Structures are given as C-alpha cells and as structure tokens.
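Note sheet for the following structure.
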Amino acid sequence: MKILLAIDDSQFSEAVVQAVIAQFDPARTEVRVIHVIEPISVSAPPQMDPQYFPELREQVKGAQELVERAAHMLREAGFQVSTTVEKGDARSLIVDQAAPAAWNADLIVLGSHGRKGLKRFLLGSVSEAVARHASCSVEIVKIPVAS
C-alpha cells in the first residue's frame, strides 16, 4: 500500500503520523510525507515559473525539518518513507502528488483543523478539498480541540 501523508506545522500533524503507525503494517506500506508551503499569492506573472516563490526560501528549511521529523517517527516504526516539500496551493498539490500519473497513492492521510464559520470560509478546508478531488481514498484524522 502507498500512503501519501500530508502534514502541516500544527498539533494535528503528529496525530496523523500516529494514526498511520497504529493502523498500517509497516512491512506492506510505503509512505511519502508531503508538506506544502503556500505563498501569500498563488498566482505568478505569466513569464515566471509557477513554482517560483522567492519569498518562501526561508520557509523551506523549516519545512524540510518538519517532514524529516515525521519521516523519522515512521522509519522508527518500520515504514519505508520518502519525503517531499512543495510550494504552491496545498489542495491541488496534494491531489496531484497522489494521482496515478505522479506517485499513484492508494490512500491520502491528512489532518483536519476543525475550523467552522468565518475562519473556514476565509481559510478554506484543505482536507475537504482533497477528499472531494482525490483519485484515491482519503482519511481525515481529527483530534479534539479546546474551544
């Protein structure tokens, strides 16, 4: 089984990693950990590569450390793990990475922030968009959040 594990820099990411460790057999599961750095503006001038966001250079190192921490936990549990850090829109990049034409994941696992109302409207829901558009199954891990 191939699992694309999408994480961000929040309390939900460790819960997502632990959910994979608890549910899947490491001997038969390959995991790719992905973190997407989102620019302030997703649109780039037409003459510029859409993946070029110079303002994000500083964030790449922290993102690589984040995916390596998750990968370390998974490797300790016996999983075969690869990592990737992408720049752009998280919703589309997670779906694209999991697609048959790319990594061909059997399952995407990601967390939900549980936003409601105005926050959800303004920030959107990555997990909901991924669940709607992915070509494979999606597991959304939720943890209780204090109000």
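For the reader, a short list of remarks on this structure follows.
- If a spin label sat at a point 7 angstrom from the Cα of ARG132 along the line to its beta carbon, the backbone N atoms of segment 79-116 nearer than 15 Å would be those of 90-93, 95.
- Sorting ARG75, ARG132 by accessible area puts them as ARG132, ARG75; the probe is 1.4 Å, largest comes first, and only protein heavy atoms count.
- Stretch gain in nm, segment GLU65-THR84, where the contour uses 0.36 nm per residue and the Cα spacing is subtracted: 5.7 nm
The values are calculated or read from the model by the stated rules, or taken from the named source; none is laboratory data. Remember, it's a predicted structure, so these values are computed and weren't measured experimentally. Don't worry about glycine lacking a Cβ; one is built from the backbone with ideal geometry, like all the others, and counts go over all protein chains shown. Heavy atoms of the whole protein, side chains included, go into the accessibility calculation; ligands, DNA and RNA do not. Shrake-Rupley method; radii C 1.70, N 1.55, O 1.52, S 1.80 Å.
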